[in-house]
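**Student:** Take a look at this one; I'll ask things after.
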Amino acid sequence: MSGQDQLVAFLERVRTDDQLQQRLAEHRVELWGDSHLPLDIDLDAVIALAADLGFGFDRADVVACQCRQLERFSSFEMENAVVASRYLARLQLQIERGGRPEPPINYYRG
């Protein structure tokens, strides 16, 4: 299992283990994602605790998971921007055509 997979497995364990959540409370565990750790916590302490529990990941794995999450978020936002742009264009068409409706379109395909 890769270090990134180990990180995800650790996060799953944290979500289901109340005692572990209490041990990690100072690291704002309630704000952690499903597949990444925030970068503004004491990563060394969290990584050491995870290692004590048998999970093997390092800072590079944490950063890689954070980058993957940011890439997914960015793609999601870009898709939303495209949808909004197409919807605004459709509104403009309605205004220019005197309010006559256009046939439905798929905003994700153009």
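**Student:** In region 13-101, if the dipole is taken from +1 on Lys/Arg beta carbons and -1 on Asp/Glu beta carbons about the Cα centre, which of GLN19, TRP32, SER85 is farthest to the positive end?
**Tutor:** SER85
**Student:** Oh, and also: Averaged per residue, what accessible surface does region 1-105 expose to a 1.4 Å probe, in Å²? Could you put the intermediate results ahead of the total?
**Tutor:** On the way: 6930 Å² over 105 residues.
With the other protein chains kept in place, region 1-105 gives 66 Å² per residue.
**Student:** Moving on. What net charge is computed for the residues neighbouring GLU12, neighbours being all others with C-beta under 12 Å from the C-beta of GLU12, Lys and Arg scored +1, Asp and Glu -1?
**Tutor:** Numbers: positive: ARG13, ARG15; negative: ASP5, ASP17, ASP34.
Value of the local net charge: -1.
**Student:** Could you calculate the contour length gain from ALA45 to GLU96, that is, 0.36 nm times the residue separation minus the distance between their Cα atoms, to one decimal place in nm? Before the final figure, lay out each step's value.
**Tutor:** Numbers: separation 51, 0.36 × 51 = 18.36 nm, distance 6.06 nm.
In short, 12.3 nm is gained.
**Student:** Please give the peptides 55-67, 15-27, 71-83 ranked by average Cβ packing (other Cβ atoms within 10 Å per residue), highest first, as a rough proxy for protection.
**Tutor:** Details: 55-67: 16.8, 15-27: 12.7, 71-83: 10.8.
In descending order of packing, they fall as 55-67, 15-27, 71-83.
**Student:** For mean projected area of the Cα convex hull in nm², several values are listed as (i) 8.1; (ii) 12.8; (iii) 9.9; flag the one computed from this structure.
**Tutor:** Recomputing mean projected area of the Cα convex hull in nm² here picks out (iii).
**Student:** Still on this structure, please answer the following. Once you charge only the Cβ atoms, +1 for Lys and Arg and -1 for Asp and Glu, what is the size of the charge dipole of the chain about its Cα centre, to the nearest 20 debye? Please report the intermediate quantities before stating the final value.
**Tutor:** Working: 12 positive and 18 negative charges, 182 e Å.
In debye, rounded to 20, the chain gives about 880.
**Student:** Pairing the Cα long axis of helix 59-96 with the longest principal axis of the chain, what angle in degrees results, from 0 to 90 and rounded to the nearest 10?
**Tutor:** The two axes meet at around 10 degrees.
**Student:** What nm value, rounded to one decimal, do you get for the distance between ARG72 and ALA60 when each label is placed 7 Å out toward the C-beta?
**Tutor:** Once both label points are built, they end up 2.3 nm from each other.
The values are calculated or read from the model by the stated rules, or taken from the named source; none is laboratory data. Here the structure is a predicted model, which means the values were calculated and not measured. FYI the Cβ positions are ideal-geometry reconstructions off the backbone, even for glycines, and counts take in every protein chain you see. For accessibility, only protein heavy atoms count, side chains too; no ligands or nucleic acids. Shrake-Rupley method; radii C 1.70, N 1.55, O 1.52, S 1.80 Å.
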